[in-house]
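Shown next, in structure tokens, is the structure this report addresses.
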Amino acid sequence: MADALLSIVLDRLGSLIQQQIHQEVSLVVGVETEIQSLTNTLQIVRAVVADAEKRQVKENLVKVWLQRLKDIFYQMDDVLDEWSTSLLKSQIERPESPSMSKKKVSSCIPSPCICFKRVAGRRDIALKIKDIKQQVDDIANQSNRFNFTSIFSNEEPQRLITISTVDISEVWGRDKDRDTILRQLLGKSCEQNLGLYTISVVGMGGIDKTSLAQLAFNHDERAILEALQGQSSDLHNPEVLQQKIQESIEGKKFLHVLDDVWTEDYQLWEQLKNCLKCGGGGSRILVTTRSESVARMMRSTYMHSLGSLLLEQGWALFSQIAFCWKSTHRIEELEEIGKKIAVKCKGLPLAVKDLGSLMQFKNNKEDWENVLNSEMWERDVFEKKLSPALLLSHYDLPPALKQCFSYCAVFPRDHFIERDDLIKLWMAQSYLNSKAGREMETIGREYFENLAARSFFQDFEKDDKGNIVRCKMHDIVHDFAQILTNNECLIVEDDCENLKTNLSLQKGRHATVIVQGSTRFSFPVNNARNLHTYSCVRKQV
């Protein structure tokens, strides 16, 4: 992610220099030379960042070097905010200044969020720039010890093309699994009073457990006549929630779905189970979990282990996505390589979708061979932490898209993300660089659609015109975004002390607090010196 931050900082630096020249506003004498020297050094550092980001997985010293570099970039971003505000202030104070644009940064921020902007004098800004220049020089000198490979490019950045995402919501290769689960839900014993009948679907992350549960839930043979709903303000107290559930299901046959259960605390399960005993005969509980221990703790009546896709099933899914919009001649040229790439996904649906979406954007044989032969497939560390397919897809993103994706770590897990709110947050963080007179909102929509087309988002909700209005991130993709941001994005739940502790480390740049109902939360402003975004969201029931 350091290359993304560096690209944004360089773009903003160049833009502010031009703005300063246009407004005939100067900083302290001599700072112009420092800025030019800083820009040159940043360009040199930029050439080695790509190699450093690949090597950080196995080399801890490189990882530490990159983290320090990111900290410097954040400092510089703060100074550029101050510089931009100073220029704006000078423009306002001029007696005959041209009219200001009506669009302000504050208008770009969704109501539950706060983005922090600071104001400083020109002399203070100049001193900070000199300090950052010294830090950049030091870290550039440190890079010599690592023998990084420099990558210079004189090519203009490729403009992103908006591509309609392939509909990959269908669950591939799961007909037998689906039928087995439906038999458990609808079999002869369904009408018998057997107590709480619990069906657990167990499998590794990204293997379609949730999609399979949704398929069973929405199947035509099982009519869901009524869904349990209530005003969120009434359901935050556990006792009130249990009472509401009991009143709603008493004597009725119900299907209760518990998705992605992690806890092995039997007492918590016992509380919920007692709450559900008042339901009618034939009721079912459908659970998805990555852990067999959870299924055993719940004493599941039936446990269904979900395995990987068969080789031909994985290939069918991969080819449908990767070869979309490609000519017959191109498909014939790439098919053999594509089958080898699909095998590397090891039958994991999420990996197949990620790689298929990545290859959808690549049209020549050399690019496909580079993905097939990438060293990412050989690193055992990914077996425990990350999917190589996801990492390959991320490395292929342009710097601006990398930064926009990483910022999504500010949202809680399983949280619905409003597209327009996300774009406004990107705008407030200066991630959308408007060029050639294009509106930032247009660029933001283009970025969003490209991330969606590359399978970084899912569970789309669309308006009447077919435009995506909200979405979610898969848990594995969300975890990946948080790994990329390290301690920069903080998510806490009704825990002011935890937030204060993390902010005191001066690493937190974005903070999200999850609150229940009308809970009051005191924000620790004194510890928020480096904070760029503060967001407060209500806990979803």
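What follows is calculated from the coordinates using simple rules that are stated; it is not laboratory data. Quantities reported herein were computed from a predicted structural model and do not represent experimental measurements. All Cβ positions, glycine included, derive from the backbone under ideal geometry; neighbour counts span all protein chains shown.
Numerical summary
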read-out: Cβ-based exposure ranking for Leu186, Leu350, Leu13, in which fewest neighbours within 10 Å come first; value: Leu186, Leu13, Leu350
read-out: Long pairs among Lys402/Lys472; Lys326/Lys353; Lys339/Lys462; Lys58/Lys344, criterion Cα-Cα beyond 23 Å; value: Lys339/Lys462
read-out: Förster radius 35 Å - calculated FRET efficiency between Lys63 and Asp414, Cβ distance, rounded to 0.05; value: 0.75
read-out: C-alpha center-to-center spacing [segment 64-86, segment 452-479] in angstrom; value: 31 Å
read-out: Note, ³J(HN,Hα) from phi for segment 241-250, Karplus 6.51, -1.76, 1.60, rounded to Hz, x at Gly and Pro; value: 4, 4, 5, 5, 5, 4, 5, 7, 10, 3
read-out: Ranked list, fewest to most other Cβ atoms within 10 Å of each Cβ, for Ser37, Ser535, Ser455; value: Ser37, Ser535, Ser455
read-out: Ranked list, fewest to most other Cβ atoms within 10 Å of each Cβ, for Met440, Met298; value: Met440, Met298
read-out: Label point distance in nm, Thr180-Glu312, each placed 7 Å from Cα along Cα→Cβ; value: 1.9 nm
read-out: Segment 307-453: C-alpha pair distances exceeding 22 Å, %; value: 48 percent
read-out: Calculated FRET efficiency for the pair Asn370/Glu32, C-beta based, R₀ 60 Å, to 0.05; value: 0.90
read-out: Placed amide H near Asp260: partners under 5 Å, 5+ positions off or other chain; value: Thr288, Thr289
read-out: Residues of segment 266-295 with amide N under 17 Å of the 7 Å Cα→Cβ point at Leu255; value: 280-289
read-out: Gain on full stretching of the segment that runs from Phe146 to Val343 - 0.36 nm per residue minus C-alpha separation; value: 67.5 nm
read-out: Calculated FRET value between Asp11 and Ile483, using beta carbons and R₀ = 30 Å, to 0.05; value: 0.75
read-out: Given Lys54/Lys346; Lys54/Lys89; Lys209/Lys253; Lys253/Lys465, the pairs whose alpha carbons are separated by over 32 Å; value: Lys54/Lys89; Lys253/Lys465
read-out: Cα-projected label distance for Trp377 with Glu247, points at 7 Å along beta-carbon direction, nm; value: 5.9 nm
read-out: Whole-Hz ³J(HN,Hα) from phi, Karplus 6.51 cos²θ - 1.76 cosθ + 1.60, for segment 358-363, glycine and proline x; value: 5, 6, 4, 8, 10, 10
read-out: Stretch gain in nm, segment Glu461-Gln516, where the contour uses 0.36 nm per residue and the Cα spacing is subtracted; value: 17.3 nm
read-out: Karplus 3J(HN,Hα) series, Hz, for segment 254-265 with 6.51 cos²θ - 1.76 cosθ + 1.60 (x for Gly, Pro); value: 10, 10, 10, 9, 10, 9, 6, 7, 10, 5, 10, 7
read-out: Mean Cβ neighbour count within 10 Å, used as a protection proxy, ranking 242-249, 421-428 highest first; value: 421-428, 242-249
read-out: Percent RCO, i.e. relative contact order, over segment 311-394, from Cα pairs under 8 Å lying at least 6 residues apart; value: 36 percent
